[in-house]
């Protein structure tokens, strides 16, 4: 018997042909939509009409490092600028594991129940190895993300200072132009990012845990000096007594710090974000702060100083980008890196040569 004529025990039967799950017409429409990029004027008009999709696309433009997107992004920002600055900006930070996402969701839902429109700009840490980010804040805020009066935008921190997204400031303005009256900015965690966030918000809230231990006090000290309110989260179950004790200790510590220019005396409160307890008290304290600072004109003075600060930061950022993207500098920099590593030239002399070449 011819061996080739033997039938294999493994036989694949013809299956039932499956119908197309997506119509060809829909595919063509989606592809056409994706290819077409809206103009700056179209984005501005849509943002001013409260279109969240247009807002997301504009923020993507602003965050892009593509030089071609810079001009269009600036045009969008300029068009939205007259409609911005009509919100309150609240920075929220805390040690990892303190429950920032849970608190922001509970706080955001409470604010929308009061008729507020809330935008959450959450900065996600980027890996120093793969340079990737999880961007999971929308997943963690399941309820808030479905709220019509809320907008959540996670952004990768990239290589910016302490994890603050490079264009968070511009994103705030776009959110304000879209009609969001309360902007919440969540930082990566405890570090240098708090200084940058403090320079772009009106109110700075520090989330803490009860019984965290003295090992964190050195980290907290600088942040506590910037904080307008300290909230002891997870004050529930067996942790209620510890939270009350921590509240007393932090209140004592705050008395050691000098008086703020705002005339506001920072305070401490407790809450349970998961149980949604004490959230209303947090907002009441924030309202008291805004009433005081608007009355004594500190609110407007701080905003004006922040605008000047970000003018200088933007100039520095643009000079840095132009320097490192200059073709002549790219080649010369690599040559000088090798020379510096072999001690042929000092780092300072190499830097002087590079800058002299750049400004020639």
**Request:** Please verify whether segment 107-120 includes one or more residues that are under 17 Å from residue 200 (Cβ atoms), part of a helix (DSSP H, G or I) and in contact with a strand residue (DSSP E or B) (Cβ under 9 Å, 6 or more places away or on another chain).
**Result:** no
**Request:** Scan segment 60-105 residue by residue and report those that are part of a helix (DSSP H, G or I) and in contact with a strand residue (DSSP E or B) (Cβ under 9 Å, 6 or more places away or on another chain).
**Result:** 63, 100, 101, 102, 103, 104, 105
**Item:** Selection status of residue 281, without any contact (Cβ under 8 Å) to a residue 40 or more places away in the chain, surrounded by fewer than 15 Cβ atoms within 10 Å (Cβ to Cβ) and in contact with a strand residue (DSSP E or B) (Cβ under 7 Å, 6 or more places away or on another chain)
**Value:** yes
**Request:** Only strands (runs of 3 or more DSSP E) wholly contained in segment 179-287 count here; list those with 1 or more residues that are modelled with pLDDT under 90.
**Result:** 182-186, 203-209
**Message:** Just to be sure I understand the filter: pairs with C-beta atoms under 7 Å, separated by 6 or more residues or on different chains, first member in segment 311-336 and not assigned by TED's automatic domain parsing to the domain that holds residue 354 and exposed (fewer than 14 other Cβ atoms within 10 Å of the Cβ), second member modelled with pLDDT of 90 or more and outside any helix (DSSP H, G or I). Which pairs pass?
**Reply:** none
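The values are calculated or read from the model by the stated rules, or taken from the named source; none is laboratory data. These figures come from a predicted structure and were not determined experimentally. Virtual Cβ from ideal backbone geometry, glycine too; neighbours counted across all protein chains shown.
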